[in-house]
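**Student:** Please find one structure pasted underneath; my questions will follow.
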Amino acid sequence: MNLEFNRHLREFRADFTIEFNVKNPNLPEISEEAYSFELETGTVINKVAEELFNKLNYKWLEDWSFAGRSGGWFVLICSGEQSQVQQRTLCKLEQMVEDYLKIYTKELEAAYI
């Protein structure tokens, strides 16, 4: 998974951001119309992202959002100094985002197939 700091920082009021490339999964069973609806409403992805954020317990995490074309980046909005985030924390975050991306794929299939 691609993780970057501050890729879309200018779009947020934050000291720094941690961003994960979470482009929509390729699910040919889901119609373009259903994907468009999900893109407009965020019915499934917002629920899954909120569940993930609620499991994260770091003082420097303020909020979450999506950024980029078609919301392809999951953004953690952070306060304080970027240097306070340890490598092992980044690895843990990356694994959690990957796990929740799998949950999103399953829930997306359940909602739209």
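Every read-out reported here was derived from the displayed coordinates using simple, explicitly stated rules and does not represent laboratory data. Just so it is clear, the model here is predicted, and its values are computed rather than measured. Glycine also receives a Cβ, built like all others from the backbone with ideal geometry; neighbour counts cover every protein chain displayed.
**Student:** Order of 1-7, 31-37 by packing, highest average Cβ count within 10 Å first?
**Tutor:** Numbers: 1-7: 14.1, 31-37: 12.0.
Order by mean packing, descending: 1-7, 31-37.
**Student:** For the stretch 64-112, what class follows from the C-alpha gyration tensor (a ≥ b ≥ c being the square roots of its eigenvalues): rounded when a/c is under 1.5, otherwise prolate if a/b is larger than b/c, else oblate? The partial results should precede the final answer.
**Tutor:** Numbers: a/c = 3.61, a/b = 1.72, b/c = 2.10.
The shape class here is oblate.
**Student:** In addition: Normalising by the residue count of the chain, find the relative contact order in percent from Cα pairs under 8 Å and 6+ residues apart. If you can, show how the numbers build up before the last one.
**Tutor:** Numbers: 128 pairs, mean separation 39.5, N = 113.
Rounded, it is 35 percent for the chain.
**Student:** In a shell of Cβ-Cβ distance under 11 Å around Tyr104, excluding Tyr104 itself, what net charge do Lys and Arg (+1) and Asp and Glu (-1) give?
**Tutor:** Details: positive: Lys47, Lys102, Lys106; negative: Glu38, Glu51, Glu98, Asp99, Glu107, Glu109.
So the surrounding residues net to -3.
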